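One structure is given here, and the rest of the page talks about it.
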Amino acid sequence: MDIDPRNFFFIHALKNAVQHNNVPKAGTVLGALMGKHPECRSKAKELSLVLQEVLTEVAALSLDERKSKLMELAPELLEKKEKKVRESGLKPLKNVGENGVVMRFAPNPSGPLHLGHSRAAYLNDYYVHKYGGRYVIRIEDTDPRRVEPENYELLLEDIEWLGLTNTEICYQSDRLDIYYKHARELITRGGAYVCMCDAEEFRELKNSKKPCPCRSNTVEENLSLWNRMLACEFCEGMITVRLKTDIEHPDPAMRDFSIFRIVDAPPHPRCDARVYPLMNFSVVVDDHLLGMTHVIRGKDHIANTKRQQYIYDYFGWKTPLYFHYGKMSIGDVILSTSAIKEGIATGEYTGWDDIHLGTLKAIARRGIKAEAVRNAMIDIGIGQTDISFSWQNLFAKNKEIVDPVANRYFFVPDPVRCDVKDAPEQTARIPFHPNDELRGLRELIFKGVLFVSKDDLAGASMVRFKDLFNASIEWDGDIPHLTYAGDSLEKARTAKAHIVQWLPEGAAVPCVLHKPDGDLTGLCEPGVLNEYDSVVQFERIGFARIDSVDDKRGVEAFFAHR
């Protein structure tokens, strides 16, 4: 052996002790030697004795003495390697004015918001928070076929839950006169015309790069038809207003697209109208008049950005700075509003907050905090690369938030009642939180009988009831017989006994824990009755939000994550 094991142990024990300000475990230092010098593995037993002497010597040294010794023996190990730290947050914006930025989030009231919406909401919000300015929540409700009265309230509830910065809310349905005014001006400028061609006929002409007959209308003729549209002289499908673009544009979708149409039914819940702008027109007018400086939206809007540029050019308006992020797939979770509505109607889902869905209401019901969703979306960023949403990342972000504040409780699924022979009466005093003594203790009083999960007993010869005592198990077929086996935790560890949750008879509350993969029915501590709408941690199970409490019916909870 060409190496001095004692010297190696001493140096690496010093290094570890300096880095972590404690005495390292024997396995850590021994593993370092075996990794670098495999030839030492045959002498592991005698080397362990040498290592114990070294660790005792290192433990007797102060931190300054450890640093001094390490500097003397291996100064290179004291040099700190610079780590590349990933810059947190999103990249800076260009063209930010003295008054900050003006950005917007533009949902439509076809249903409540889902995780996909939260990305646009939080990416825009990030910059308003960073630079100051205004954040406009623009409810895009100019398609009465997609609007239902109750959806407005659902939408506003979700917006409030998101906790966005400096928001002001406007409704496009309140701005129809503004759109009509600008449509008239655009027609007068020669940038739009009123078309009465059959839709299929126009499509054939457009695809052949040929103008329709209506394109040559005079301004006066177009204004006359426009006035007749507003006067309700036409029915849906008979007439439309088209933007005059490049009829020979390589992309047929760019050629003379519609900007206004008539919608006969159903009636709009907020306004009395039949003539409505299409998105590309109303968005440009609003973005200009509301002062948008920057727009962040999905890359599926890149073609719309090109269409909208025509309108900006006709009016001579400055275009906002655009960012288009890539598609975010969210696995098998249902996001489609129509599919969710159908599922609710058939009873497949219990409502918009069914935990099998990807709506924000479902996320919130499980105890996922808005801040966690925000942090996950900021991590994803605004790159154009398509990505898959990581539920595990969201859960990790949420755990950072709830773990320091969630009280701990026992939950016993599928419980069985057990007498423990020879067990003395005693009281388990357990912290509400292992890292916060000020939170106090919860008491569980054992008087000879307890409840434990059936699965925790299966096949075991000994168990450790957490914070209580050990019990040996003898089996009579499928029937377990438990006997008190002392209080020693060390004995339980030596026997490799499972540490299990338990609840005393007389202090156990019925509890149903709803999980996406199925419900767990069991018992929980009485203290959970005081945790309505809070997130708790059921030890060894995971975090859960307490959805309802009742002294007689017990507790209903929704699983969040481990």
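The values are calculated or read from the model by the stated rules, or taken from the named source; none is laboratory data. For clarity, every value in this text was computed on a predicted model and none was experimentally measured. All Cβ positions, even for glycine, are placed from backbone atoms using ideal geometry, and neighbour counts span all protein chains on display. Surface areas here come from the heavy atoms of the whole protein model, side chains and all, with no ligands, DNA or RNA. Shrake-Rupley method; radii C 1.70, N 1.55, O 1.52, S 1.80 Å.
Among the candidates I311, I262, I334, which residue alone is within 29 Å of N207 (Cα to Cα) and free of Cβ contacts under 8 Å to residues at least 60 places away in the same chain? Step by step, each of I311, I262, I334 is checked, and only I262 is within 29 Å of N207 (Cα to Cα) and free of Cβ contacts under 8 Å to residues at least 60 places away in the same chain.
Evaluating K69 against the criteria (1) more than 48 Å from the chain's Cα centre (by Cα); (2) at pLDDT 80 or above; (3) over 13 Å from F10 (Cβ atoms); (4) surrounded by 10 or more Cβ atoms within 10 Å (Cβ to Cβ) leaves one unmet condition, (3).
Listed conditions (1) touching a helix residue (DSSP H, G or I) at 6+ places or on another chain (Cβ under 7 Å); (2) more than 21 Å from A231 (Cα to Cα); (3) of a type in the set (A, V, I, L, M) are all met by A192, apart from (2). Residues in segment 388-425 that are in a strand (DSSP E or B) and either modelled with pLDDT of 95 or more or in contact with a Leu (Cβ under 6 Å, 6 or more places away or on another chain) (or both): R408, Y409, F411, V412, P413, P415, V416, R417, C418, D419, V420, K421.
Could you tell me whether D141 is charged (D, E, K, R) and in a loop (DSSP other than H, G, I, E, B)? In short, yes. When the criteria are applied in full, C232 meets the requirement of being among the hydrophobic types (A, V, I, L, M, F, W, C), more than 22 Å from N304 (Cα to Cα) and open to solvent by 60 Å² or more (accessible area, probe 1.4 Å).
Considering each residue of segment 371-383 in turn, at least one proves to be modelled with pLDDT of 95 or more, open to solvent by 80 Å² or more (accessible area, probe 1.4 Å) and part of a helix (DSSP H, G or I).
All of (1) more than 27 Å from D386 (Cβ to Cβ); (2) hydroxyl-bearing (S, T, Y); (3) within 36 Å of the chain's Cα centre (by Cα) hold for S224 with one exception: (3).
Of all positions in segment 293-305, none carries a residue that is among the acidic types (D, E) and farther than 29 Å from M377 by Cα. Yes or no: F432 out of contact with any helix residue (DSSP H, G or I) (no Cβ under 6 Å at 6 or more places or on another chain) and among the hydrophobic types (A, V, I, L, M, F, W, C)? Against the criterion (out of contact with any helix residue (DSSP H, G or I) (no Cβ under 6 Å at 6 or more places or on another chain) and among the hydrophobic types (A, V, I, L, M, F, W, C)), F432 does not qualify.
Scanning segment 235-253 for residues that are crowded, with 19+ Cβ neighbours inside 10 Å and either of a type in the set (A, V, I, L, M) or free of Cβ contacts under 8 Å to residues at least 24 places away in the same chain (or both) yields a count of 3. Check segment 316-331 and report whether any residue there is part of a loop (DSSP other than H, G, I, E, B), of a type in the set (S, T, N, Q), in contact (Cβ under 8 Å) with a residue 60 or more places away in the chain and open to solvent by 40 Å² or more (accessible area, probe 1.4 Å). Checked against the condition, which is being part of a loop (DSSP other than H, G, I, E, B), of a type in the set (S, T, N, Q), in contact (Cβ under 8 Å) with a residue 60 or more places away in the chain and open to solvent by 40 Å² or more (accessible area, probe 1.4 Å), segment 316-331 yields no hits at all.
Any idea which residue in segment 1-17 is modelled with the highest pLDDT, counting only those that are among the aliphatic types (A, V, I, L, M) and open to solvent by 30 Å² or more (accessible area, probe 1.4 Å)? Working first, answer last.
Here is the first cut: in segment 1-17, the residues among the aliphatic types (A, V, I, L, M) are 1, 3, 11, 13-14, 17.
Applying the additional criterion that residues be open to solvent by 30 Å² or more (accessible area, probe 1.4 Å) yields 1, 3.
Details: M1: 51, I3: 76.
This residue is I3.
Assess whether L77 counts as being in a helix (DSSP H, G or I), modelled with pLDDT of 70 or more and in contact with a Pro (Cβ under 8 Å, 6 or more places away or on another chain). Answer is no for this residue.
At least 1 residues being in contact with a His (Cβ under 9 Å, 6 or more places away or on another chain) and crowded, with 20+ Cβ neighbours inside 10 Å is the threshold, and among the strands (runs of 3 or more DSSP E) wholly inside segment 447-515 those reaching it are 462-465. Once segment 333-359 is narrowed to residues that are of a type in the set (D, E) and in a loop (DSSP other than H, G, I, E, B), the residue that is least open to solvent (accessible area, probe 1.4 Å) is D354.
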